[in-house]
Amino acid sequence: MNVDQYSSKARDSSFLKRSKTPLAFVFCMTVLIGIGLHLAIDWAVNKTIMAKAEHVAMIWASNFDAELTDLETITQAGALSERQQQVIDAALSFSEVYSFTVFDPQGVLIYSSDYGVATTPSEQSQNLQAKGVFASQSPAVDIIKRASASDVQNVFVQVFVPAIGAEGTPIGTVGLFLDKTQSAAVYAKVMGWFGWLLPGSCAILYAFPAFAYVMKREQVHARTKKLALLSRFDQLTGTLNRHSMNAACHEIFEHRKPDDMTGVFFLDIDKFKTVNDEYSHEFGDAYLQFVSSALASSVRSGDLIGRMGGDEFVIVLPNATLAEMHSIGDAILQKSRAPFAFKGTTIQASISIGFYLADAETPKKDALHAADLALYHAKANGRNAMMEYFPELDKAMLRRREVETRMRDALRSNTFEAVFQPINNPQDKSIVGFEALLRLDDKDGEPIPPDEFIPIAEETGMIHPLGRFVLESGLTAAKSWPDHVFLSVNLSPAQFKHGNLVDQVAELLETFDFPGSRLEFEVTEGLLMADEQRVSDQLIGLKQLGISIAMDDFGTGYSSLGYLWKYDFDKLKIDRVFLEGFDFDRERYQEIIETIVVLGHKMGMQVTIEGVETERQHDMLDLLACDQYQGFYFGRPMPADQALKALSEGDDNVSAA
Ligand code: C2E
Ligand code: CA
Ligand code: CA
């Protein structure tokens, strides 16, 4: 599964959920403004009605007073005079006046337009508000709202205004009851529209910033989500990154059912570092993408692919069978071997795979360890292959660790040893040189074969101090040899990596005051396969110091004539496999050896044959024109003092080291 698949799967449905707060905000603001506005409108309508009513009352009262100066006479007479009745009828017809009351200075009711003149004490009740208005000589206004049978609300205004007599003196208080139902309804209608319009426009006004806010938040959310998603995936290959792969792997192992078998692949691109260094990082990136798509197209849906860093991948396959593991692994190997072309460069790289099929009892840690171990051995066995874990790998791993520890100790305590194997002249069998070979014993005193510890030294970088050690030991020994005896030292490809080999050798030659012409380096084809400029530059540099370069183990690898042409070797060392073969198919191997000798000579090289063990082999070689012999028949590798002894004795049958 990759980023795109994940993001489409996890598409968000909770837009509304996230927009809840801003939407609620807009709604609440609208409601609040609506309520506030309606209260304000109500207040304003009341105020307007009351002010108008007060105004009407003042005008009305002033007219009324002027006509009705003899207020006190009304009570005394107990009835209205004709003139007074006329004035009051006229007054009642005045616009919105619904009814009115007249009070004396004490606020005692004198007349009510509804009941007529107050004659009895119960009718002559005292109104404190009327009394107060008289005392203060300022009007008082009250609004009274009553629900009516129809939908319309009845709105009345009660106004008390001071009544001023003809001489301009206060004579009492007039209370007016004005019916404002109609004008209040008109106001309310007009203002009501306004009351809805405003919150409506406010809602729209709020809605814009709220919408913008929601959209902005949506963008931020999408970005955060994308980032979170990206942080789960390796950006280059689209596979899970180390962190999320570990988490996903944990999940799978935690939730296995009793019969579940879980497959784990550990994969490593062979020599990825060289690909990266030799071409470019851009090339390396594209190659990583190529490999990860090979993985993605080989697995089943639901299998997890993770890039654990650099060129390492892990695949976890829930519910897998052994047959599936093999077919998926084979498909990956096959696809990753396909030529990969990028910007005009084509390479055919490869991948190493280790795998383990874990039952439900196997802890995750052990399953991963097993697959990792299998990968390690796939690489150690020459790469470009798949290996399934088997228990012996643990033993091999243990042994490797032991050897590595032993080597570190030996480097620290200087317990590596260089031994010297003679190289002889075929004619007089005299020693013409020695090949320096490293020796190391395990803790029980048993020798650890160089073929076992040299690859570990190369892998761990110990080859650098070790290479220096063997050269120094060789030069120390060779200083006491006669001038015509040369020293041959093996160089491993890893020693060319740092690029400072020539300087180091030059410095040692100077320190030991040893002529480069007496030194020979043996290199193998493996060194030349990467076709690095760096390697050929260093080989040229070494030759410029007068050192000879020998092609070692010729005949075991590609035995490419191309390399022989390209690099100007001084010597060809024919591998001992040809002499081993000679023992059971004499004629054929004799011909092969003869051909190689002729080829070497034609190309201007000396030829040494390795692994001469028996007299029979020696006699056969006499027929060929080899330049030098090397093998147990002439001498086994021996310590420096014995080598010196062998030289002084001229003994060609020296005892074993
Ligand atoms: P090599 O360079 O081909 O060294 C020759 C190997 O063949 C030596 O094995 C030697 O003991 C063995 N040999 C020589 N004559 C005979 C013979 O007649 N019969 C048989 N059966 N074997 C013979 P050794 O010492 O075990 O070294 C193995 C390999 O380890 C060497 O192969 C070389 O590739 C590597 N090696 C040893 N010392 C060094 C070193 O100082 N540096 C590097 N880079 N590699 C080393
Ligand atoms: Ca050698
Ligand atoms: Ca050899």
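Using Cβ point charges alone (K and R +1, D and E -1), the dipole size of region 403-516 about the Cα centre works out to roughly 100 debye.
Selection among SER301, ALA57, VAL470 by position relative to the dipole of the chain gives ALA57 as farthest towards the positive end (Cβ unit charges, Cα centre).
The alpha carbon gyration tensor of region 242-390 gives principal lengths a ≥ b ≥ c with a/c of 1.5 or higher and a/b greater than b/c, which makes the shape prolate. Efficiency by 1/(1 + (r/R0)^6): what FRET value for SER297 and TYR558, r their Cβ-Cβ distance, R0 = 35 Å, to the nearest 0.05? Computed FRET efficiency for SER297 and TYR558 comes out at 0.65. Enclosing the Cα atoms of region 461-511 in their convex hull gives a volume equal to 74 cubic angstrom per residue. With distances taken between every two different alpha-carbon atoms, region 436-477 has a Kirkwood hydrodynamic radius of 10.9 Å. Separation of region 436-458 and region 505-533, taken as the distance between their Cα centroids, equals 22 angstrom. Any chance you could check the Cα centroid distance between region 603-648 and region 562-601 for me, in angstrom? With region 603-648 and region 562-601 each reduced to a Cα centre, they are spaced 15 Å.
Counting only protein chain heavy atoms and rolling a 1.4 Å probe, the accessible areas of MET325, MET603 rank, largest first, as MET603, MET325. Annotation: per residue accessible area for the chain equals 52 Å², rounded to a whole number [probe 1.4 Å, protein chains only].
Derived value for the chain: Kirkwood hydrodynamic radius 35.6 Å. Basis is the mean of 1/r over every pair of different alpha-carbon atoms. Binning the alpha carbon pair distances of region 547-657 at 5 angstrom intervals from zero yields the distribution 2, 11, 21, 21, 18, 14, 9, 3, 0, expressed in whole percent.
Taking ARG534, ARG83 and ordering them by how much accessible surface each has at a 1.4 Å probe, largest first, produces ARG83, ARG534. Applying 1/(1 + (r/R0)^6) with r as the Cβ-Cβ distance of ASP42 and LYS216 and R0 = 51 angstrom yields a FRET efficiency of 0.85. Stretched out straight at 0.36 nm per residue, the stretch from LEU32 to MET58 would grow longer than its current Cα-Cα span by 5.5 nm. Overall size of region 484-606 from C-alpha positions, given as principal axis extents largest first: 48, 34, 23 Å.
If R0 equals 35 Å, the separation of the Cβ atoms of GLU649 and LEU508 corresponds to a calculated FRET efficiency of about 0.75. The alpha carbons of region 410-649 occupy a box of 49, 41, 36 Å along the principal axes, longest dimension given first. Rounded to the nearest 20, the size of the Cβ-charge dipole of the chain about its Cα centre is 3020 debye, with Lys and Arg at +1 and Asp and Glu at -1. Here the accessible area of the chain is 56 percent carbon and sulfur, with a 1.4 angstrom probe and all protein chains present. The mean sequence distance of close C-alpha pairs (under 8 Å, at least 6 residues apart), as a share of the length of the chain, puts its relative contact order at 8 percent.
The values are calculated or read from the model by the stated rules, or taken from the named source; none is laboratory data. Just so it is clear, the model here is predicted, and its values are computed rather than measured. Don't worry about glycine lacking a Cβ; one is built from the backbone with ideal geometry, like all the others, and counts go over all protein chains shown. Just the protein is used for accessible areas: all its heavy atoms, side chains included, with ligands, DNA and RNA removed. Shrake-Rupley method; radii C 1.70, N 1.55, O 1.52, S 1.80 Å.
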